[in-house]
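Okay, structure first, notes after.
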Amino acid sequence: MLVCSKCGREYPERFRLRCDCGGTLLVRHELPPGFSDALTGYLDMRRYLRLLPVSEEHLPEPVPAITPLSKLDIGDVTTFFKLEYLQPTGSFKDRGTWVTVAKLREEGIPEVILDSSGNAAISLAAFAGRAGITAHLFIPVHTNPGKLRLLRKLGAELHIVNGDRMTVHWDAVRFSEEKGLTYVSHWLNPYFIEGTKTVAFEAYEQLSVPDYVIAPAGSGTLFLGLWKGFSELKGMGEIEELPTFVAVQASGYESLCERSPVKSRLAEGIPITEPPRLEEMKAVLDETGTCVSVGDSEIARALKWLWERGFMVEPTSAVVLAALWRLQGSGFIPSGSRVLLPLTGSGLKTVEGI
């Protein structure tokens, strides 16, 4: 069922973005008695199919991968980089898109609208195109040229908006209302988070429970997915305690941290000042976590460090490493900790000439 995060009202598992009260929705289902009992024999994201609200017959192609971990010691902390940029379209967004498109196919929805800073649009263009679903994609005029060229090569129905990320969002909402088409915003879509929670399942199988999880938090789809995945593991009795969650935001666009007057230009994937799931993210931080904001000088340094070690990621991916360094410096993360850092998007999409 779908459950409202604000009033608790329940709805059947149909494609829906909000409660009648305006609250956001999450999928709640009966958990199996044990995590291992829920696993399938597949060696891709279908491994967790019994923990997802979709049926196998409606799954689109390609199937997102189980991504590897790369272990590195940074100072006196052991880090595990989860290489989400190795997904089919180069970002973790493929997980949420895959579940979303399966739900759209199940309900026979042929045409949809999405707003994005780039990666979610690329993901939907690829998966929806293969599934025969028309996708209208609203993106900012300042979208990275490499991502824009890739979207055009994918044959997407592009709507380029002259404005910031929130302007793009509201233009997409108006268009969906005017045309009577289904809006599939990954900011609001509960099925998208069902996809991103599988990062937690994989990480648990690969390294058990980390002490800290550091994730970008613009709209919160990955941050909340990680929290939901580890929470479900706890609900199944598989783990006793949740990790400490760190939400990383971009300078000048903070919604959880104190707002900075200096705006980041590098973290183009998370410049979201009014995320619809803000209260849900705050609740996670109240339960177990903290917020960190990073600026462009820190992001640039972290990006250089990552590229020099072969992690070909985009600047937004580097915010997690910048946050780790900040937290190590402040003493928040103690010596000997094990830290999970998802690297969310490929830098190869931002290279000129693709």
How would you classify segment 140-216 from its alpha-carbon gyration tensor, with a ≥ b ≥ c the square roots of the eigenvalues: rounded for a/c under 1.5, else prolate if a/b is greater than b/c, otherwise oblate? prolate
For a 21 Å ceiling on Cα separation, which of these pairs sit above it: LYS93/LYS179; LYS197/LYS282; LYS93/LYS349; LYS6/LYS103; LYS82/LYS282? LYS93/LYS179; LYS6/LYS103; LYS82/LYS282
Expected max-MSF residue from THR316, THR198, THR182 in the GNM of the chain (alpha carbon, under 10 Å) is THR182
Tell me the trypsin sites (Lys or Arg not before Pro) within segment 1-87 that lie in a loop according to DSSP and have at most 16 other beta-carbon atoms within 10 Å. LYS6, ARG9, ARG14, ARG16, ARG28
Computed over segment 50-134, the relative contact order (Cα-Cα under 8 Å, seq sep at least six) in percent reads 32
Consider all pairwise Cα distances in the chain and report the whole-number % of them above 26 Å. 45
Set the Förster distance to 45 Å, then compute FRET efficiency between SER330 and ARG14 from the Cβ-Cβ distance, nearest 0.05. 0.50
What ranking of ASP164, ASP73, ASP296, ASP94 comes out by heavy-atom accessible area, probe 1.4 Å, highest first? ASP73, ASP164, ASP296, ASP94
What is the chain's relative contact order, in percent, from Cα pairs under 8 angstrom and six or more apart in sequence? 18
Multiply the residue gap between ASP44 and GLU258 by 0.36 nm, knock off their C-alpha separation, and tell me the result in nm, one decimal place. 73.1 nm
What distance in nm lies between label points placed 7 Å from Cα along the C-beta direction at ARG174 and GLU274? 1.3
Which residues does a label at TRP307 reach in segment 241-273, if reach means a backbone N under 17 Å from a point 7 Å past the Cα toward the Cβ? 265-269
Mean Cβ count within 10 Å, highest first, over the residues of peptides 277-288, 112-123: 112-123, 277-288
Structure-based [θ]222 nm, the chain - -39500 (n - 2.57) summed over DSSP H runs of at least 4, per residue, nearest 500: -10500 deg cm²/dmol
Note down the relative contact order for segment 267-354 as a percent, whole number, built from C-alpha pairs under 8 angstrom at least six residues apart. 29
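The values are calculated or read from the model by the stated rules, or taken from the named source; none is laboratory data. Values in this document were obtained by computation on a predicted structure and should not be read as measured data. In this analysis, Cβ positions are derived from the backbone assuming ideal geometry, glycine residues included, and neighbour counts consider all displayed protein chains. Heads up: the accessible areas ignore ligands, DNA and RNA and are worked out on the full protein's heavy atoms, side chains in. Shrake-Rupley method; radii C 1.70, N 1.55, O 1.52, S 1.80 Å.
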